[in-house]
Amino acid sequence: MTNAAREPKRTCIGCRRRVVTSALARVALSDGTIVFWGSESKRPTGRGASLHPDAECLRAALKTGAFARAFRTRLSGDRQDEANLLEQLIQRRWNRKTP
């Protein structure tokens, strides 16, 4: 059995595909704001979700209301600024440690 087969899997809230956790960015709702965090930083309190680190999945999650469902709360439009989230996602992708 390979390492990938033993690694936990999560579902991307954007495309709904189930993949290993290392292929996904983690998202949390911190003080009413959506933030991305990684294994190198402390996990924010509250509910979390997983998302592929690409713009298509981010846009799909925003369009379908997946963040509100994942966090089990209503999100106001200003908290979901796509440009800010995309910038965080890009930073997360480039700062990510590769195995």
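Since every read-out is calculated from the coordinates, none of them should be taken as a lab result. It should be emphasised that the depicted structure is a prediction, and the values quoted were computed from it without experimental measurement. For neighbour counting, all protein chains shown are included, and Cβ atoms are generated from backbone atoms with ideal geometry for every residue, glycine included.
A few points about this structure:
- Taking label points 7 Å from Cα along the Cα-to-Cβ direction, residue 68 and residue 9 give a separation of 3.0 nm.
- FRET efficiency for residue 91 and residue 42, using Cβ-Cβ distance with R0 set to 25 Å, rounded to 0.05: 0.90
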